[in-house]
Amino acid sequence: MIELNNVCFSYNNEKQTLSNINIKIEDNESVGIIGANAPHI
């Protein structure tokens, strides 16, 4: 298991892309975070 709490992320120290994200990923789970401008897979 991976657990992340209060994670923030920004590109080049600009406006935050993710703010205070909390997520728990259980064994054998996959997670993807895709923004509005991402190409469709």
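With the requirement that a residue be among the charged types (D, E, K, R) and farther than 21 Å from residue 3 by Cβ, what does region 13-40 give you?
Step one: list which residues in region 13-40 are among the charged types (D, E, K, R), which gives 14-15, 24, 26-27, 29.
Scanning region 13-40 gives 14, 15.
Filtering region 1-13 to residues that are assigned to a loop (DSSP other than H, G, I, E, B) and of a type in the set (Ser, Thr, Tyr) leaves only 11.
Could you go through region 14-30 and let me know if any residue there is part of a strand (DSSP E or B) and on the phi > 0 side of the Ramachandran plot.
Among the residues of region 14-30, at least one is part of a strand (DSSP E or B) and on the phi > 0 side of the Ramachandran plot, which makes the answer yes.
Could you grab the pairs with beta carbons closer than 9 Å, sequence gap of 6+ or different chains, first residue in region 1-25 and within 15 Å of residue 35 (Cβ to Cβ), second one aromatic (Phe, Trp, Tyr) and part of a strand (DSSP E or B)? Matching pairs, first to second residue: 16/9; 17/9; 18/9; 19/9; 21/9.
Every read-out reported here was derived from the displayed coordinates using simple, explicitly stated rules and does not represent laboratory data. Small disclaimer: the values here were computed from a predicted structure and weren't measured. Cβ sites come from the backbone with ideal geometry, for glycine too, and all protein chains shown count toward neighbours.
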